[in-house]
Amino acid sequence: MLTTDPQLIIPEKQENNQVVEIKNLDFYFRSNNIEKQTLFDINLTLKKGEVLIWKGPPGSG
């Protein structure tokens, strides 16, 4: 479940080589009566040619 009104922004103009921008991303897993927040207020900007590797403990993905 996504909350906090996350925004995925794909800029119209590529003047600064910005490809992807994420603002205010929170993510929750819910099962029965249990809720676990796994992402907290993520802000990310990727530019053309950049590579992102998101790493976590085994079983986290």
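The values are calculated or read from the model by the stated rules, or taken from the named source; none is laboratory data. Since this is a predicted model, take the numbers as computed values, not measurements. Because the Cβ atoms are built from the backbone with ideal geometry, glycine has one as well, and the counts that use them run over all protein chains shown.
Looking at the structure I just gave you, is L52 modelled with pLDDT of 70 or more, in a loop (DSSP other than H, G, I, E, B) and not β-branched (V, I, T)? Yes: the conditions hold for L52. Would you mind stating whether L8 is modelled with pLDDT under 85, assigned to a strand (DSSP E or B) and among the aliphatic types (A, V, I, L, M)? Against the criterion (modelled with pLDDT under 85, assigned to a strand (DSSP E or B) and among the aliphatic types (A, V, I, L, M)), L8 qualifies.
Among residues of the range 29-47 that are under 26 Å from N17 (Cα atoms) and basic (K, R), those with a beta-carbon under 6 Å from a residue that is surrounded by 10 or more Cβ atoms within 10 Å (Cβ to Cβ) and at pLDDT below 90 at least six positions away or on a different chain give the pairs K47/N17; K47/Q18.
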